1. Give the residue, chosen from B:His66, B:His87, that is free of Cβ contacts under 8 Å to residues at least 24 places away in the same chain and more than 30 Å from A:Asp145 (Cβ to Cβ).
2. Of all the residues that make up the stretch B:47-66, how many are closer than 25 Å to A:Leu17 by Cβ, within 12 Å of DNA strand C (Cβ to nearest atom) and either in a helix (DSSP H, G or I) or open to solvent by 60 Å² or more (accessible area, probe 1.4 Å) (or both)?
3. Considering (1) over 20 Å from B:Tyr22 (Cβ atoms); (2) of a type outside the set (A, V, I, L, M, F, W, C); (3) touching a Lys or Arg at 6+ places or on another chain (Cβ under 6 Å), say which one A:Glu91 fails and leave the rest.
4. Name every residue in the stretch B:97-150 that is farther than 29 Å from B:Lys80 by Cβ and either in a strand (DSSP E or B) or charged (D, E, K, R) (or both), in order of residue number.
5. Is it the case that A:Gly73 is open to solvent by 40 Å² or more (accessible area, probe 1.4 Å), within 15 Å of DNA strand D (Cβ to nearest atom) and within 24 Å of A:Arg98 (Cβ to Cβ)?
6. Checking the condition within 14 Å of another protein chain (Cβ to nearest Cβ), open to solvent by 10 Å² or more (accessible area, probe 1.4 Å) and within 29 Å of A:Val28 (Cα to Cα), which residue from B:Leu104, B:Leu17 passes?
7. Taking into account only those residues within the stretch B:116-147 that are more than 7 Å from every other protein chain (Cβ to nearest Cβ) and open to solvent by less than 60 Å² (accessible area, probe 1.4 Å), which is nearest to DNA strand D (Cβ to nearest atom)?
2 protein chains.
Amino acid sequence: MDVSGRTYPQLALDLQLCFPLYAATRAVTKRYVTLLEGTGLTYPQYLVMLVLWEADEPLTVTALGHRLRLDSGTLTPLLKRLEAAGHIRRERDPGDERRVLVSLTEAGRALEEQVSGVPQQLGQSMGISRDEALALRDQLTELVDHLDAADSA
Amino acid sequence: MDVSGRTYPQLALDLQLCFPLYAATRAVTKRYVTLLEGTGLTYPQYLVMLVLWEADEPLTVTALGHRLRLDSGTLTPLLKRLEAAGHIRRERDPGDERRVLVSLTEAGRALEEQVSGVPQQLGQSMGISRDEALALRDQLTELVDHLDAADSA
DNA sequence: CGCTATTAAGTTGTGCGCAATATAGTTGTG
DNA sequence: CACAACTATATTGCGCACAACTTAATAGCG
């Protein structure tokens with residue numbers, strides 16, 4: 001891409017980090033459509049399930065949101081769809097009626113085994129080694145931390 | 001994050017690349033809300049403007065879509081909003097009435113100067129050097145290429 | 001020329017993300 | 001105990017993304 005002669009060469013799409021980042025996320029999401037076929041899960045729903053499998057106990061909507069950086073405006077309808085699909089239960093906490101406890105159903109628990117090969121399949125699709133992936137993960141995590149700080153400043 | 005004792009340790013959220021990638025894109029998009037304040041542009045709209053500034057000539061919807069990896073289902077309403085905001089014009093190509101040519105208005109052209117500092121501001125918010133950003137850009141670009149190949153396979 | 005295939009853009013429907021707001025339940029304080 | 005402040009979730013509205021489909025225009029071919 002020739003950017004010489006432009007008044008603002010720094011605006012060239014190919015020179016910026018933001019676009020590959022944006023494109024990569026959409027490409028990954030698209031790949032998950034194939035990888036999650038048969039489970040009935042979307043990618044964000046899969047992430048919620050990852051958190052629930054890992055916690056292995058009921059979590060509140062707030063706790064899920066904190067882990068995934070999502071708010072109730074995103075999670076409430078998503079969780080209702082997961083519930084309608086039979087993967088989770090949503091119940092008000094008897095001890096504090098403001099809270100909704102999200103727990104796995106047996107069907108939801110059973111899904112874990114079904115997707116256990118997904119991370120490796122995705123890794124193969126990305127064409128990078130495990131070490132490269134972990135290094136990239138660390139760089140992106142650091143980037144998120146910086147951006148969070150910048151936004152609250 | 002302790003993943004010992006899990007039946008499927010590879011499903012731990014913190015071990016996966018996909019989540020930081022997803023979180024980073026959302027953090028960047030959120031940062032752009034602040035950086036683009038005053039322009040009336042959203043982040044995807046800003047990307048469209050970048051392509052138009054760079055091309056410096058009318059582009060078809062398909063050409064824009066090819067550059068940004070977006071289809072008409074996304075672009076048509078987005079372009080209508082950019083048109084309503086006065087940044088672009090949309091006109092059928094007289095030589096081929098199937099095509100819609102997207103061109104900059106004077107106001108749209110004038111926006112370029114107004115956002116010329118955005119890439120550097122974002123770079124600062126990310127807390128990484130220019131070289132690190134370019135290296136990350138290359139890694140992500142390669143990742144997209146691999147994923148595209150995997151999906152069409 | 002006439003007809004089919006192809007191409008370009010638009011439309012529809014679903015599912016995020018997220019800001020702003022609403023609602024209901026809980027806590028803390030006098 | 002009353003009541004204001006706070007907390008947790010839900011709702012509303014808007015703007016993407018994208019699959020599937022529709023409509024209109026052009027190209028190609030016999």
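1. So the residue among B:His66, B:His87 that is free of Cβ contacts under 8 Å to residues at least 24 places away in the same chain and more than 30 Å from A:Asp145 (Cβ to Cβ) is B:His66.
2. Of the residues in the stretch B:47-66, 4 are closer than 25 Å to A:Leu17 by Cβ, within 12 Å of DNA strand C (Cβ to nearest atom) and either in a helix (DSSP H, G or I) or open to solvent by 60 Å² or more (accessible area, probe 1.4 Å) (or both).
3. The one condition A:Glu91 does not meet is (3).
4. The answer is B:Arg130, B:Asp131, B:Glu132, B:Arg137, B:Asp138, B:Glu142, B:Asp145.
5. Yes: the conditions hold for A:Gly73.
6. Going through B:Leu104, B:Leu17 in turn, just one is within 14 Å of another protein chain (Cβ to nearest Cβ), open to solvent by 10 Å² or more (accessible area, probe 1.4 Å) and within 29 Å of A:Val28 (Cα to Cα): B:Leu17.
7. It comes out as B:Val118.
Every residue, every condition in (1) away from DNA strand C (no atom under 12 Å from the Cβ); (2) out of contact with any helix residue (DSSP H, G or I) (no Cβ under 7 Å at 6 or more places or on another chain); (3) among the aliphatic types (A, V, I, L, M); (4) over 25 Å from B:Ile128 (Cβ atoms), yes or no:
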| site | (1), (2), (3), (4) |
| --- | --- |
| B:Cys18 | no, no, no, no |
| B:Tyr32 | no, no, no, no |
| B:Leu82 | no, no, yes, yes |
| B:Ala85 | yes, yes, yes, yes |
| B:Pro94 | yes, yes, no, yes |
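The values are calculated or read from the model by the stated rules, or taken from the named source; none is laboratory data. In this text, all values refer to a predicted model and were calculated from it rather than measured experimentally. Cβ coordinates were reconstructed from backbone atoms using ideal geometry, including for glycine residues, and neighbour counts include every protein chain displayed. Surface accessibility is based on the protein's heavy atoms, side chains included, excluding ligands, DNA and RNA. Shrake-Rupley method; radii C 1.70, N 1.55, O 1.52, S 1.80 Å.
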